[in-house]
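Just below is one structure, and these are the notes that go with it.
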Amino acid sequence: MSKSIKVAVTGAAGQIGYALLFRIAAGEMFGKDTEVHLHLLELEAALPALSGVVMELQDCAFPLLKSVVVTSDANVAFKDIDWALLVGSFPRKAGMERAELLKINGKIFIAQGKALDANAKPTCKVLVVGNPCNTNAFIAKAQAKRIPAKNFFAMTMLDQNRAVTQVAIKAGAAIEDVKKLAIWGNHSATMYPDYFNAEVGGRPLTQVIKDEAWLQKDFLEVIQQRGAAIIKARGLSSAASAANAAIDTVKNLIVPTKPGQWFSVAVCSDGSYGIEKGLMFSYPIVSDGQDWKIISGLTHGAFSQEKIALTQKELLSERDAVKELL
Ligand code: NAX
């Protein structure tokens, strides 16, 4: 066993944490050849609950899990880490304005960005899951100057997985036959799954699914409203599927992308496709296992251009709402 990784998970006593930690400890995120050291960060009040989760981790006797740090101090949690999975954030309460939520979370991600800057390895990679994840990542990235902007990510893989499954059901195709279906923009109701550049069974998606009304309306609505539908049905927000998407995202970044494939994750925009530089924007991405790049040269018709402009507009307004904090 030559490889070993230190990974911090924030909000570790939460729902997603509960679905995520056991899979990381089982080697599903970093591979069966990599020993795992977990650094778990929680609010002081949630530490007793977290101690129960740690007992359960111990009771699984995972051979790869070598140590667990439990703390409410971000400086301890982020000490010498290779990866940070920032899951914990302040939930939106009834009647709360989005701008208010952005500011409350802004303060959390400023503090965590500073703690990353002071403590994490300079090569550390950071995946933000806690919402509003694009803007939370934007804020943390601005604080952590020692860590390259390229190492910050926000999760849109759950949206991609939701989109892929809906297309597979509609087309009567296998999940693995649906390819290149990337999410553009913000992880919010404005995110845009670009089905025009996607494929089903090696053919353009729009040649396989000819029902344009379904693609333009029902498909987009199902994905955009999927989180709300799950809350309505379960009384709780998506957790297992979100944890699964976090595992997919890290694997997508650390394992070379298969030829003819790409995946979705929000990265620091370099201005590609006319998106403002520095915004955390979800694009189609490929990885060589170390480094990633945005797929270039895709074309967008009027419908896609309108949707991409809309999601960028939302991200710019989120950025403006937190500007004074930075
Ligand atoms: P829970 O409320 O179950 O858990 C959140 C945990 O974070 C709590 O235990 C809380 O004590 C902790 N926490 C809050 N502030 C913290 C801080 N400053 N430091 C450390 N821990 C802190 O929420 P859960 O269902 O696990 O969801 C977590 C986040 O993921 C939410 O923001 C949620 O909106 C977001 N999601 C993001 C998704 C995505 O695709 N990007 C999808 C799923 C999910 O909605």
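Projected onto planes of every orientation and averaged, the convex hull of the alpha-carbon atoms in the range 1-101 covers 7.2 nm². Of the whole protein surface, Asp248 contributes about 40 Å² of accessible area at a 1.4 Å probe radius.
State whether the range 163-257 is rounded, prolate or oblate according to the following rule on the C-alpha gyration tensor (a ≥ b ≥ c being the square roots of its eigenvalues): a/c under 1.5 gives rounded; otherwise a/b larger than b/c gives prolate, and the remaining case gives oblate. Here the range 163-257 falls in the oblate category. What is the sum of charges, Lys and Arg at +1 and Asp and Glu at -1, for the other residues whose Cβ falls under 12 Å from the Cβ of Leu21? Net charge in that neighbourhood comes out at -2.
Site pair Leu43 and Ala233 shows an inter-label distance of 2.9 nm when each label is modelled 7 Å from Cα along Cα→Cβ.
Remark: the chain carries a charge dipole of roughly 240 debye about the Cα centre, counting +1 on each Lys and Arg Cβ and -1 on each Asp and Glu Cβ. What a 1.4 Å probe finds exposed on the chain is 54% carbon and sulfur by accessible area, rounded to a whole percent. For the chain, what value does the Rg/Rh ratio take when both radii are computed over Cα atoms and Rh is the Kirkwood radius, given to two decimals? In the chain, Rg relative to Rh is 0.95.
Multiplying the residue separation of Ala26 and Ala118 by 0.36 nm and subtracting their alpha-carbon distance yields 30.2 nm.
Taking the Cα centre of the range 20-91 as origin and assigning +1 to Lys and Arg Cβ atoms and -1 to Asp and Glu Cβ atoms, the resulting dipole is close to 80 debye. Electrostatic tally near Ser238: other residues with Cβ closer than 13 Å to its Cβ, Lys and Arg +1, Asp and Glu -1, net +3. Candidates Gln166, Ala213, Ile183 compared by Cα position along the dipole of the range 104-255: farthest toward the positive end lies Ile183, with charges placed on Cβ.
So how far, in whole Å, is the C-alpha centre of the range 133-151 from the one of the range 266-326? Their Cα centres are 14 Å away from one another.
The values are calculated or read from the model by the stated rules, or taken from the named source; none is laboratory data. Remember, it's a predicted structure, so these values are computed and weren't measured experimentally. Glycine gets a Cβ as well: all are built from the backbone with ideal geometry, and neighbour counts include every protein chain shown. Keep in mind that these areas ignore ligands, DNA and RNA; they rest on the heavy atoms of the full protein, side chains included. Shrake-Rupley method; radii C 1.70, N 1.55, O 1.52, S 1.80 Å.
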